[in-house]
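Some notes on the structure that comes next.
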Amino acid sequence: MRNFALLLFFDLLAGCSSVSQEPGAKAEAASAPRTVQNPLPGMPPVTDPNDIYAADRPNQLSPAVKGFVSRIYVPNNISNTVDVIDPATYKIVDHFKVGRQPQHVIPSWDLKTLWVLNDLGNSLTRVDPQTGEKRETIPVPDPYNMYYTPDGKYAIVVAEQRERLEFYDAQTMQMKNQLWVDCKGVDHMDFSANGRYLIASCEFGKAVIKVDVAQQKLLGRIPVSPGGMPQDVKTSPDGSVFYVADMDANGVHLIDGEAFQEIGFIPTGKGAHGLYVSRDSRVLYVSNRGEGSVSLIDLATRKAAKKWQIPGGGSPDMGGVSADGKVLWLSGRYNAEVYALDTGDGHLLARIPVGKGPHGLCVYPQPGRYSLGHTGVFR
């Protein structure tokens, strides 16, 4: 996994044959040369300063996950279960009980473990991604969401109810530090290109915060406008801006991470919620939970390019892109179903009934050298 010279070679090969969901579009990363300065010590080197997702090209799987069974893991936060879908057949092939109110399924930094976050159960349930089987459950208070520092040293448990980011040893899962962020509904986050800071959303605080990763220190807080119910966060390929979905504003805020100020807003659709980067780093998929649609933001122009409507409606929430980049998988939060959408033209491939309250769906394995957590943020 740490043979970065070999992985760089694969990155360069993959860059010659990336899948394009937006014909004729020019990747944002190609617009201007950039450098990644002062990287977080211990973070794997950025292979392409113009595109932090360069290691996420189609089927570019790490040696750490080769041979892993391909599955879609669906946490049902009302049923307190996980449904496991075979993406080849669109059929449920496994189903198991977990703790109370499972919210997300999280890949570990080293790619070897999946964690089911049982929020009200105050626990994490381990899943072996090589076999897809459920393993042990360990106690962790209020685990709404979880991320990993880019150096792989800490797992950051997002304790939403207690307004805390809690730093756990990534190997032992022993708490090392907790940071009160004065941020109601601290929720989702992503990291700067150099790994030095993170931007996190405050779902009920109408704001976003900035945190120093190495010092585990709050750097600032700014309001978002219009609206004020920020959700998922994604860093642009060139690292220059953070995209923040907002369910009340029905669109996506643009945050300059360095200056820490809002620099724009892109209307997408009612209940904008989840954000996912395409395998060629050209498109940002936005799930509009309140209207049953997915918007596509052109990352070169920072404009909404098109919209896909789910036939018959739905409530697309969290998910991920298939390893080959051809399918976008999303949970249907209020419809007890999962959607598989063709990324070529957006047509619905499958609508799969699951348990009640499907939320942070995880597609696994996915390309990338390491995981930053959530339902799968890979670099």
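On a full-extension model of 0.36 nm per residue, what is the gain between residue 270 and residue 171, subtracting their alpha-carbon distance, rounded to one decimal in nm?
Value of the extension gain: 31.7 nm.
What list do you get for 173, 189, 247, 146 if you sort them by fewest beta carbons within 10 Å?
Ascending number of Cβ neighbours within 10 Å: 173, 247, 146, 189.
Highest mean first, what order results for 159-167, 90-98, 359-367 on Cβ atoms within 10 Å?
On the way: 159-167: 19.4, 90-98: 15.0, 359-367: 25.4.
The most tightly packed comes first, giving 359-367, 159-167, 90-98.
Once both labels are modelled 7 Å past Cα along the beta-carbon direction, what's the residue 137-residue 97 spacing in nm?
The two pseudo-label positions are separated by 0.8 nm.
Going Cα to Cα from residue 112, which lysines come in below 25 Å? Please leave out same-chain ones fewer than 8 positions away.
Partners within reach: 66, 91, 97, 134, 153, 176, 234, 326.
Report, in deg cm²/dmol and to the nearest 500, the calculated mean residue ellipticity at 222 nm for the chain, where each DSSP H run with n ≥ 4 adds -39500 (n - 2.57) and the sum is divided by the residue count.
So the calculated ellipticity at 222 nm is -1000 deg cm²/dmol.
Order by neighbour count: 149, 47, fewest other Cβ atoms within 10 Å first, most last.
47, 149
Identify, among 338, 137, 239, the residue whose Cα sits farthest towards the positive end of the charge dipole of the chain, taking +1 on the Cβ of Lys and Arg and -1 on the Cβ of Asp and Glu, with the dipole about the Cα centre.
Ranked along the dipole, the leading option is 137.
Fewest Cβ neighbours within 10 Å first, please rank 117, 198 accordingly.
Going from sparsest to densest Cβ surroundings: 198, 117.
Let's see if you can work this out: charge +1 on each Lys and Arg Cβ, -1 on each Asp and Glu Cβ, no other charges. What is the dipole magnitude of the chain about its Cα centre, in debye to the nearest 20? Display every interim value, and only then the final one.
Numbers: 38 positive and 40 negative charges, 56 e Å.
So the magnitude is around 260 debye.
Each value in this text was obtained by applying a stated rule to the coordinates, not by laboratory testing. Not measured: the values here are computed from a predicted model. With ideal geometry, Cβ positions are generated from the backbone for all residues, glycine too; neighbour counts draw on all protein chains shown.
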